[in-house]
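Below is one structure, written out as structure tokens, with a few remarks after it.
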Amino acid sequence: MKFISTRGGEKVTGAEAIVKGLSANGGLFVPETFPKVSGKEMEEMLTMSYPERAAKVLIKYLDDYDEKELLEACEAAYAKFEGPDPAPLVKIEDKLYILELFHGPTCAFKDMALTVLPYLLRKGCDICGVKEQILVLVATSGDTGKAALEGFKDADGVKIMVFYPDDGVSSMQKLQMCTQEGGNVNVVAVKGNFDDCQTAVKTIFNSQEDAAILKEKGTLLSSANSINFGRLAPQIAYYFSAYLDLVSSSQIEMGEEVDFSVPTGNFGNILAAYYAKRMGLPVRRLHCASNMNNVLTDFLAKGKYDVHREFYKTMSPSMDILVSSNLERLLFEVSGRNYKVTAERMAKLKSEGVYEITEDERAKIAEIFDGGFADEDEVVETVYDLFCDTGYTMDTHTGCAMKVANDWFYKNKKDVTKMVVVSTASPYKFPQDVLYAVTGNDVRDSFKGIKRLHAATAMAIPKSLATLRDKPIRFKTTVAKDKMFDEVLKFVEQK
Ligand SMILES: *Cc1c(COP(=O)(O)O)cnc(C)c1O
């Protein structure tokens, strides 16, 4: 299997796509064709464990890797999750299920891929003959940084450095990162907001001069960003696994179509569902759920992507995003894989903050996708209602997807297709907001929030959050944004 760039010009192997992350002209790597999973293979996967199913999906794309090793890597990755099943499916009502993707080390769905990515990257370097030490640089607004740190801690031949905005992450997220263990990790606060942080990291990535300095020191930069195909591929697996669980528990017949509703930010999670459909998974519709930053809702309805709008800080911060990078991969598909048109649109987005697709393309997307969003009150109501009706507690991101699923059922009362709402975070990761939603109580302190949420819901507290309070703070450095590369050099020279 070869990978091509959405903006043309390059054709690489799976290992190269993962090591490079982004193509030289800024395009994203996509598979040359979509590999198919046959009916016979689906039958075989029914009795498999989660890691076995994941390895089966991964090898379809990454056929330059060794299948047995891929399986071992998946087994090691998902052994780090709490409980026997890394992606359990919970039945809520007759037609409604929740796919819980938050049982990993950092309690958010990013663990599903970031526990496997270190292997894919390390092995990819071996396959490509890269000899340098790898330095993974991450700019984070919260969840990605912690998940990447956990994934890469103590990985051979790799160092990881995370920059976060001093005043842009929640106290829980900050504590999670600053107490990070591992001999190859570094965490640095940057004076400024997330955009400052992200722009400075991108500048380091794009600088030939910085790259030359690092190369002299035997170091190559790499990215754990969600545009890396190594992040996307493991996410495709849980859509297959959820479907197979529905079949094996006799909720559906093999071949019956289902819907997914996905809390969306950078469009990575829901794109994985689309890839699963293209591989033959019986998916009918994909519901793209946003919060008040509903640029995607408007895009899906009107065919015009426009970032000129107010930016809201919401209770679902991991979805507070105006430019959804992975959407480029969908645009590429619906344009008939037209490099030129895709590149033009992305250039227009960069220079003017807006682009439009044709009515034909919009209609093609609408055959599969629809969009919706929840404002802050609606998120609170949705979390509260489900808790009252069923006793199930969900987090605020999942609340957006549930609201969009509810809207669909309200408008399509006779629809009998089963709906799987994808749950992306543990409620304990956003304890104050979830506590407020289920009880109306407001507390300032996260740990008090956890305690009271536990009292109200009796839901088990994830170990990694329960022990956080007693962990020593290891990282206290704050730098100005123009001094970030100095910190990178210091870290590279450290033993
Ligand atoms: C990252 C994240 C999202 C958004 O996922 P995308 O792949 O960026 O669309 C949603 N919810 C949570 C909790 C997240 O951490």
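The values are calculated or read from the model by the stated rules, or taken from the named source; none is laboratory data. This is a predicted model, so every value here is computed, not measured. As a convention, Cβ positions derive from the backbone with ideal geometry for all residues, glycine included, and neighbour counts pool all protein chains shown. The protein model used for the area step is the full one, side chains on, heavy atoms only, and it has no ligands, DNA or RNA in it. Shrake-Rupley method; radii C 1.70, N 1.55, O 1.52, S 1.80 Å.
Figures for the structure shown
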quantity: Answer residue from the stretch 255-271, given it is surrounded by fewer than 24 Cβ atoms within 10 Å (Cβ to Cβ) and not polar (S, T, N, Q) and is nearest to the ligand (Cβ to nearest atom) among those; calculated: PHE267
quantity: Residue check, GLY151 within 16 Å of the ligand (Cβ to nearest atom) and more than 25 Å from LYS56 (Cβ to Cβ); calculated: no
quantity: Subset of the stretch 211-232 [charged (D, E, K, R) and either touching a residue at least 40 places away in the same chain (Cβ under 8 Å) or open to solvent by less than 10 Å² (accessible area, probe 1.4 Å) (or both)]; calculated: LYS215, LYS217, ARG231
quantity: Test: ASP167 is among the acidic types (Asp, Glu), under 28 Å from ASP395 (Cα atoms) and assigned to a loop (DSSP other than H, G, I, E, B); calculated: yes
quantity: Qualifying position, being more than 16 Å from the ligand (Cβ to nearest atom), closer than 16 Å to ALA289 by Cβ and not β-branched (Val, Ile, Thr), among GLU376, GLU381; calculated: GLU381
quantity: Matching option when the condition is free of Cβ contacts under 8 Å to residues at least 12 places away in the same chain and more than 12 Å from the chain's Cα centre (by Cα), among GLY151, GLY129; calculated: GLY129
quantity: Single condition VAL421 does not satisfy, out of (1) over 17 Å from ASP259 (Cα atoms); (2) within 16 Å of the ligand (Cβ to nearest atom); calculated: (1)
quantity: Qualifying helices (runs of 4 or more DSSP H) (wholly inside the stretch 5-119; at least 1 residues being in contact with an Asp or Glu (Cβ under 6 Å, 6 or more places away or on another chain), farther than 28 Å from SER248 by Cβ and at pLDDT 95 or above); calculated: 14-20
quantity: Residues that are in contact with a helix residue (DSSP H, G or I) (Cβ under 9 Å, 6 or more places away or on another chain) and open to solvent by 10 Å² or more (accessible area, probe 1.4 Å), drawn from the stretch 22-46; calculated: LEU22, ASN25, GLY26, PHE34, PRO35, LYS36, VAL37, GLU41, MET42, GLU44, LEU46
quantity: Answer residue from the stretch 1-21, given it is among the basic types (Lys, Arg) and surrounded by fewer than 18 Cβ atoms within 10 Å (Cβ to Cβ) and is nearest to ARG278 (Cα to Cα) among those; calculated: LYS2
quantity: Any hit, the stretch 233-248, residues being on the phi < 0 side of the Ramachandran plot, surrounded by fewer than 20 Cβ atoms within 10 Å (Cβ to Cβ) and either in contact with a helix residue (DSSP H, G or I) (Cβ under 6 Å, 6 or more places away or on another chain) or of a type in the set (Phe, Trp, Tyr) (or both); calculated: no
quantity: Positions within the stretch 98-129 being away from the ligand (no atom under 16 Å from the Cβ) and buried (at least 24 other Cβ atoms within 10 Å of the Cβ), in sequence order; calculated: PRO118, LEU120, LEU121, GLY124
quantity: Some residue of the stretch 219-242 being of a type in the set (D, E, K, R) and over 22 Å from the mean Cα position of the chain (by Cα); calculated: no
quantity: The lone exception for LYS403 - which of (1) basic (Lys, Arg); (2) over 19 Å from VAL295 (Cα atoms); (3) surrounded by 17 or more Cβ atoms within 10 Å (Cβ to Cβ) it fails; calculated: (2)
quantity: Top-ranked residue in the stretch 308-354 [being among the β-branched types (Val, Ile, Thr) and away from the ligand (no atom under 16 Å from the Cβ); ranked as nearest to PRO431 (Cα to Cα)]; calculated: VAL354
quantity: Residue count, the stretch 222-254 (criterion: more than 16 Å from the ligand (Cβ to nearest atom), among the charged types (D, E, K, R) and in contact with a Leu (Cβ under 8 Å, 6 or more places away or on another chain)); calculated: 1
quantity: Scope the stretch 384-401; condition within 13 Å of the ligand (Cβ to nearest atom) and not polar (S, T, N, Q); matching residues; calculated: MET394, ASP395, HIS397, GLY399, CYS400, ALA401
quantity: Flag for ALA139 being aliphatic (A, V, I, L, M), open to solvent by 10 Å² or more (accessible area, probe 1.4 Å) and within 27 Å of LEU322 (Cβ to Cβ); calculated: yes
quantity: Qualifying residue in the stretch 291-299 (condition: among the aromatic types (Phe, Trp, Tyr) and near the ligand (Cβ under 10 Å from one of its atoms)); calculated: no
quantity: Flag if TYR392 is in a helix (DSSP H, G or I) and surrounded by fewer than 24 Cβ atoms within 10 Å (Cβ to Cβ); calculated: no
quantity: Unique residue being out of contact with any Phe, Trp or Tyr (no Cβ under 9 Å at 6 or more places or on another chain) and among the charged types (D, E, K, R) when the list is LYS80, LYS56; calculated: LYS80
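Matching residues to (1) assigned to a loop (DSSP other than H, G, I, E, B); (2) touching a Cys at 6+ places or on another chain (Cβ under 7 Å); (3) open to solvent by 20 Å² or more (accessible area, probe 1.4 Å); (4) at pLDDT 95 or above:
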| residue | (1), (2), (3), (4) |
| --- | --- |
| VAL422 | no, no, no, yes |
| ASP433 | no, no, yes, yes |
| TYR436 | no, no, yes, yes |
| ASN441 | yes, no, yes, yes |
| PHE447 | no, no, yes, no |
| ILE450 | no, no, no, yes |
| ALA456 | no, no, yes, yes |
| ILE461 | yes, no, yes, yes |
| ILE473 | yes, yes, yes, yes |
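Condition check ((1) crowded, with 17+ Cβ neighbours inside 10 Å; (2) in a helix (DSSP H, G or I); (3) at pLDDT below 95) across all residues:
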site	(1), (2), (3)
ARG309	no, no, yes
LYS313	no, no, yes
SER318	yes, yes, yes
ILE321	yes, no, yes
SER325	yes, no, yes
GLU333	yes, yes, no
ARG337	no, no, no
LYS340	no, yes, no
ARG345	yes, yes, no
